[in-house]
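One structure is given below, encoded as structure tokens.
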Amino acid sequence: MNRFNILFPLWAILLSGVAFFFSESFSSLASWIIPLLAGVMFTMGLTLKATDFKRILQDPRPILVGVLLQFIVMPLLAVVLAKMFGLSNQITAGLVLVGCCAGGTASNVISYLARADLALSISMTVCSTLVGVVATPLLTGFYLSTTVDVDTIGMLVSIVQIVLIPVLMGVMLNQLFPKYIQPLTPQLPTLSILIILTIIAIVVALNSDSLLEIGALTLVAVVLHNLGGMCGGFYLSRVLGFDTRQSHTIAIEVGMQNSGLGVALALEFFSTTAALPGALFSVWHNISGSLLASQWSRKRQ
């Protein structure tokens, strides 16, 4: 794992600062967000093989529990936090949308650094991504039905276009041309991080005028959302009988969302304000994940 990838949270903070002060340079790239996210999903597909899907059938119980916890704990927690802090309808929509998204590819990097169960992490990310194609729009519509209008079908179509098709294309290319794809595999996480950093910068730039006004309270909600998801994933999985290494993996997967997708969907179906929780989540969950990974990795040493 190269040093650049490990320092991802630092780059996210620095680039967010640059985007805040030079917002015009980045906000003009708003139309790039959806293609960039599709690119991240495509690179994820390039890292997957048929054996990754066979792993799901070999031991489905921790994967099933982890995915269920993700789509139960995170949306519910988002709704509770939004009501607790009295967040606006658009910020609530963004926070709930992040909670309804699948696990992010960054969770695989954090699981690797934490010396957790990387195979389980990859399998959970794959499953939650596929389940999320249907679950994300349905859960978003369910939890936000009394807050804002949600185009559930439109969101479903967008997720198929942004997530499912690029992932399947990547998997197909990896299966058909492995000797061309495998040499590129070590560089794919770095490429994904560069794309995610660009998305974060664009969203921060789009919200630069309102960031100081609504950012602090939203940030607290985002931090508690992430930490609550990690704690819930860890302790609930321990209660269900999984070992510490598996529970650490499930905690990372539950607490680390595909916030980039949340940002893209918020911009398409709600507003730039609704994209703010996703942008903050993108920065914060990598900081908290890196800190946990460092602690858990030292314990295993």
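Among residues belonging to segment 151-166 that are crowded, with 17+ Cβ neighbours inside 10 Å and in contact with a Phe, Trp or Tyr (Cβ under 7 Å, 6 or more places away or on another chain), point out the one that is farthest from Ala38 (Cα to Cα).
It comes out as Met155.
Any idea which of Ile63, Ile13 is within 26 Å of Pro186 (Cβ to Cβ) and touching a Lys or Arg at 6+ places or on another chain (Cβ under 9 Å)?
Ile63
Output the number of residues of segment 261-301 satisfying the condition of being within 15 Å of Pro137 (Cα to Cα) and not acidic (Asp, Glu).
Looking only at that region, the number is 9.
Which residues, taken from segment 1-19, are within 19 Å of Ala264 (Cα to Cα) and surrounded by fewer than 19 Cβ atoms within 10 Å (Cβ to Cβ)?
Across segment 1-19, the qualifying residue is only Leu15.
Do the conditions hold for Leu57, that is, is it over 25 Å from Leu206 (Cβ atoms), within 20 Å of the chain's Cα centre (by Cα) and of a type outside the set (Asp, Glu)?
no
Are any residues in segment 92-116 of a type in the set (Val, Ile, Thr) and either closer than 19 Å to Ala38 by Cβ or in contact with a His (Cβ under 7 Å, 6 or more places away or on another chain) (or both), and if so, which ones?
Val98, Thr105
One line per residue, one yes/no per condition, for (1) under 21 Å from the mean Cα position of the chain (by Cα); (2) among the aliphatic types (A, V, I, L, M); (3) at negative phi:
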site	(1), (2), (3)
Glu24	no, no, yes
Ser27	no, no, yes
Trp32	yes, no, yes
Ala38	yes, yes, yes
Leu48	yes, yes, yes
Thr51	no, no, yes
Leu68	yes, yes, yes
Pro75	yes, no, yes
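Would you confirm whether or not segment 215-229 contains a residue that is over 13 Å from Leu95 (Cα atoms) and touching a Pro at 6+ places or on another chain (Cβ under 8 Å)?
No, there is no match, as no residue in segment 215-229 is over 13 Å from Leu95 (Cα atoms) and touching a Pro at 6+ places or on another chain (Cβ under 8 Å).
Within segment 218-301, which helices (runs of 4 or more DSSP H) (wholly inside it) include 2 or more residues that are modelled with pLDDT of 85 or more and small (Gly, Ala, Ser)?
Result: 244-255, 259-269.
Only one of Met172, Met124, Met155 is in contact with a Pro (Cβ under 6 Å, 6 or more places away or on another chain) and either farther than 29 Å from Ser16 by Cβ or not in a strand (DSSP E or B) (or both); which?
Met155
What residue, among those in segment 44-82 that are touching a helix residue (DSSP H, G or I) at 6+ places or on another chain (Cβ under 8 Å) and among the basic types (Lys, Arg), is modelled with the lowest pLDDT?
This residue is Arg55.
Thr244 - would you say it is without any contact (Cβ under 8 Å) to a residue 12 or more places away in the chain, polar (S, T, N, Q) and either crowded, with 21+ Cβ neighbours inside 10 Å or over 24 Å from Ala93 (Cβ atoms) (or both)?
yes
The values are calculated or read from the model by the stated rules, or taken from the named source; none is laboratory data. This is a predicted model, so every value here is computed, not measured. Cβ coordinates were reconstructed from backbone atoms using ideal geometry, including for glycine residues, and neighbour counts include every protein chain displayed.
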